[in-house]
Amino acid sequence: MGIFSKEPRSGQVKTRLTPHLLPTEASALYRVALTETIERFSAGPAAPVLCITGRRAWFLRTFPGVALLPQGRGDLGARLARTTAALFAAGGSPVAVVGSDSPDLPLALIEEAFAALATADVATIPCMDGGFALLALRRPTPALFTDIPWSTPKVLAATQARAAELGLCFATVGGWDDLDDIAAMHRLMARSPECATARYARVHLGSCL
């Protein structure tokens with residue numbers, strides 16, 4: 001399970017949460033969400049690997065014992081192709097990738113996505129914003145990640161269309177929500193009030209929400 005992760009530097013993560021939050025507050029919230037994501041997925045069907053952007057030393061110090069894999073250069077498609085290939089090469093099969101934007105993603109949905117690969121080549125958990133919270137692959141498929149309009153509401157549809165062009169069986173499982181903006185933060189707090197990210201927001205960011 002590859003978790004795409006950035007070092008939480010102020011002004012470089014969760015920028016859509018500002019100006020409602022200060023950049024320092026947004027980066028602190030990102031760190032909480034990332035930590036919760038790692039802890040949640042550690043109990044899931046595949047061991048987490050942090051696919052990192054930022055200082056390796058920071059990740060080693062903050063998450064000791066968690067495997068690290070640099071994302072490298074390029075757009076998101078190039079980085080997804082590179083990291084999924086590396087996860088397969090390391091012995092992972094099937095392989096899934098997630099971000100840290102859905103810290104309350106249920107393990108049952110993750111398990112359902114993996115189960116879908118019994119008959120599908122690609123399985124996703126769609127997000128409300130037109131992207132996906134998780135993408136799982138039965139085998140290496142780097143071409144799947146080319147010509148996708150990343151960071152737009154068309155990501156899921158374009159990925160599905162690309163899979164069809166490649167002759168891949170594509171499955172969608174349930175649906176979830178990304179923590180991208182203040183409205184999504186409110187939805188997370190209503191949906192999963194006891195998750196660590198929601199608790200942190202209530203205690204430390206309540207006046208801003």
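Quick notes on this one:
- Counting only helices (runs of 4 or more DSSP H) wholly contained in the range 109-209, the ones carrying 2 or more residues that are under 16 Å from the mean Cα position of the chain (by Cα) and either under 21 Å from THR15 (Cα atoms) or touching a residue at least 40 places away in the same chain (Cβ under 8 Å) (or both) occupy 182-191.
- Restricted to the range 184-209, and to residues there that are hydroxyl-bearing (Ser, Thr, Tyr) and at pLDDT 95 or above, the residue that is surrounded by the most Cβ atoms within 10 Å (Cβ to Cβ) is THR197.
- Selected residue [modelled with pLDDT of 95 or more and out of contact with any Leu (no Cβ under 6 Å at 6 or more places or on another chain)] from ALA47, ALA28: ALA28
- Residues of the range 127-144 that turn out to be farther than 23 Å from ASP104 by Cβ and either in contact with a Lys or Arg (Cβ under 8 Å, 6 or more places away or on another chain) or not hydrophobic (A, V, I, L, M, F, W, C) (or both), as a count: 7
- Evaluated against (1) under 21 Å from ILE110 (Cα atoms); (2) in contact with a helix residue (DSSP H, G or I) (Cβ under 7 Å, 6 or more places away or on another chain); (3) among the hydrophobic types (A, V, I, L, M, F, W, C); (4) buried (at least 16 other Cβ atoms within 10 Å of the Cβ), PHE63 falls short on exactly one condition, (1).
- On the stretch given as the range 1-25, residues that are closer than 22 Å to PHE132 by Cα and either within 12 Å of the chain's Cα centre (by Cα) or not in a loop (DSSP other than H, G, I, E, B) (or both) total 9.
- Residues that are among the hydrophobic types (A, V, I, L, M, F, W, C) and assigned to a strand (DSSP E or B) were ranked within the range 40-54; the one that is farthest from GLU112 (Cα to Cα) is ILE52.
The values are calculated or read from the model by the stated rules, or taken from the named source; none is laboratory data. Only a predicted model underlies this, so the values are computations on that prediction, with no experimental measurement involved. Counting neighbours? That spans all protein chains shown, and the Cβs are built from the backbone with ideal geometry, glycine included.
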